[in-house]
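What follows is one structure encoded as structure tokens, with my remarks underneath.
The values are calculated or read from the model by the stated rules, or taken from the named source; none is laboratory data. For clarity, every value in this text was computed on a predicted model and none was experimentally measured. All Cβ positions, glycine included, derive from the backbone under ideal geometry; neighbour counts span all protein chains shown.
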Amino acid sequence: MKQLRYIIFISLLFPLFGCEKVLDVESTRAIGEVNMWNSLEDARAALFGVYALNRAAMSDNNRHILYGDVRMADFEPTSRVDIKAIHNNLLNGDYKLINDLSDWRPFYATINAANLYLERIHEVYEKDKRFVEQTYNLDRAQVKALRAFSYFYMSRVWGDVPLILSSHEGSFTNKPRDSQDKIFALIEQDLLEAEPKLPYAYDGYDPEQTGAYYGQNIATYYGYGYLVSKQAVWTILAHMYAWRGDYANAAIYAQKIVDKTTRVSGSGAALAGTFRNVNDGLTVNVRYIGYMWAANHPAVLFAVARGELATSGVIEELTAADPIVPNRAIPAIYVPKDSLFSIYNEGTDARFSVDSVTKLVRSADGFFTGFDKPYPVFRKIFVPWFSFPNKQGINVPSDLGVFASPIVFSRFTEMGLLLAESKAALNDKDGAISILNQVRVNNGVPAYVSERDNGPLIDAIFKERRRELIGEGWRWYDYVRFKKIKNNDPKFNQLIQSGGIYWPVSRRLISQNPMLTQYPYWK
């Protein structure tokens, strides 16, 4: 019943994104009423309200996959012209989808809610003695980390964005875009302040969080989503530094994750060396894991879980089709067969490979199925709602198209490959090769030997990220980092210099706020 009330609470927040203010989004009022900031229950509702808005921003219009895996990336549309425009980087196209994706207000909803929380939560601490100092510090740390994550996500998408550090209930003063360096300084500050107050797991064993959290055991919070941990902070920091080209600092935080032995419910499950595991976030057999079962595995470093089942805002809305969803003839997006042959072109890759003689897909547990059809179906991320047992007593996927998949921002193997990238950029070739080969060999791909035998190391690392992380929202951002490292493509360098690697700002926002500017590429 408590989880049902939480789901209802989240559902009440989602319809409120219609505000026409430039950055103020009315949904924060759901946690900003005068009588809100009085009790422990108010504190809890406000905290999970920020989590809910973060999920709403990430899943709105399937932003995560369209930004990361469709824009100039591997997934192509089967028929939709608006998605084709995104794939071809024609982001000035006058399509509702593109206009919505150019609008950053869903992320500012999270930021506004976070700012409001940080401004008001002390009132609960002063009024309700049940809201103890440990929980007060822990919850503030989570909210700071969520604010930092929203700013990092926006900065990768839009580059320079307005920096807002106070809440605005019903009004907003127009503000220009702030430099990405200024945004990153705030992200760094928030995360470094949050990290000491966060546990490795919300299981009551760490000094930052002892006992039951809000009176619930850890399993309860798997249903609510993935709470921000130390590992999540390290993950965001590592990617922020890598995006800036600061691989020395990126390596420091990626190494923390690879080295750290993380406990879950006191179990002592080790991260180090487990690059391939059936429960490694999103790898082989992911469709059997579901999201509540994967949530307690240390390989999931930071993710945004669903607060409810859904037919939209999940990757399956775009990728699932027959034979894994019987009532859909073709998917909305797919990876063409020629691309699959090019991407998975080494050895008997457990993720995807085709027998050269029979032309059949070798692995029944691979990332794609339906290869005998015109459009191969991506099944790596496939978490359907299961119906009642059939006549044989086996639960089978519902044909209603209802799913419960999370958005996994990063998992252990992803972070391992980022560490390999960082080491390669820092000329630690032996260290990079060691990590790269753990991933390759464990997936049935021959070990990388040397640049003489296998080509440039940095190319091999990014190729492995492409194979391993397909469909997880990384491809576009990886491509940008790769091009920056190589620095040998004048056309792409021009795209970087003119702001073309970022999304244009919504024309509607610019018309409402004349202080906003557009990058030259999109004018």
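Given the structure, is N437 out of contact with any Lys or Arg (no Cβ under 6 Å at 6 or more places or on another chain), surrounded by fewer than 16 Cβ atoms within 10 Å (Cβ to Cβ) and not small (G, A, S)?
Answer is no for this residue.
Could you tell me whether any residue of region 19-30 is crowded, with 17+ Cβ neighbours inside 10 Å, over 25 Å from the mean Cα position of the chain (by Cα) and at pLDDT 95 or above?
no
Mind checking which residues of region 374-409 are at pLDDT 65 or above and exposed (fewer than 13 other Cβ atoms within 10 Å of the Cβ)?
P374
Report yes if some residue within region 359-373 is surrounded by fewer than 19 Cβ atoms within 10 Å (Cβ to Cβ), modelled with pLDDT of 85 or more and either within 21 Å of the chain's Cα centre (by Cα) or farther than 21 Å from E76 by Cα (or both); otherwise report no.
Looking for residues that are surrounded by fewer than 19 Cβ atoms within 10 Å (Cβ to Cβ), modelled with pLDDT of 85 or more and either within 21 Å of the chain's Cα centre (by Cα) or farther than 21 Å from E76 by Cα (or both), one finds none in region 359-373, hence no.
Of the conditions (1) of a type in the set (D, E, K, R); (2) farther than 24 Å from D103 by Cβ; (3) surrounded by 16 or more Cβ atoms within 10 Å (Cβ to Cβ); (4) modelled with pLDDT of 95 or more, R475 satisfies every one except a single condition; which number is it?
All conditions pass for R475, except number (2).
Mind listing whichever residues of region 496-509 are surrounded by 15 or more Cβ atoms within 10 Å (Cβ to Cβ), assigned to a helix (DSSP H, G or I) and not basic (K, R)?
Residues satisfying the conditions are I496, L509.
I want to confirm something. Restricting to region 147-196 and keeping residues that are among the small types (G, A, S) and surrounded by 18 or more Cβ atoms within 10 Å (Cβ to Cβ), which single residue is modelled with the lowest pLDDT?
By that ranking, first place goes to S167.
I'd like the residue in region 132-179 that is among the acidic types (D, E) and over 21 Å from V480 (Cβ atoms) and, out of all such residues, is nearest to the chain's Cα centre (by Cα).
Ranking the candidates gives D139 first.
Does region 232-246 include one or more residues that are at pLDDT below 95 and either assigned to a helix (DSSP H, G or I) or under 22 Å from R55 (Cβ atoms) (or both)?
Yes, region 232-246 contains a residue that is at pLDDT below 95 and either assigned to a helix (DSSP H, G or I) or under 22 Å from R55 (Cβ atoms) (or both).
Kindly evaluate N493 against the criterion of being over 26 Å from the mean Cα position of the chain (by Cα) and assigned to a loop (DSSP other than H, G, I, E, B).
no
Given the structure, is D94 in contact with a helix residue (DSSP H, G or I) (Cβ under 7 Å, 6 or more places away or on another chain) and surrounded by fewer than 23 Cβ atoms within 10 Å (Cβ to Cβ)?
So D94 does not fit the description; no.
Is there a residue being at pLDDT 95 or above, outside any helix (DSSP H, G or I), closer than 27 Å to D206 by Cα and touching a Leu at 6+ places or on another chain (Cβ under 8 Å) anywhere in region 118-126?
no
Can you report the number of residues in region 302-336 which are in contact with a Pro (Cβ under 6 Å, 6 or more places away or on another chain) and not in a strand (DSSP E or B)?
3
Kindly list, by first and then second residue, each pair from a residue in region 206-217 that is in a strand (DSSP E or B) to a residue that is of a type in the set (A, V, I, L, M, F, W, C), limited to pairs with Cβ atoms under 6 Å and residues at least 6 apart or on different chains.
Final answer for the pair search is Q209/L138.
Within region 44-93, work out how many residues are more than 24 Å from S150 (Cβ to Cβ) and not in a loop (DSSP other than H, G, I, E, B).
8
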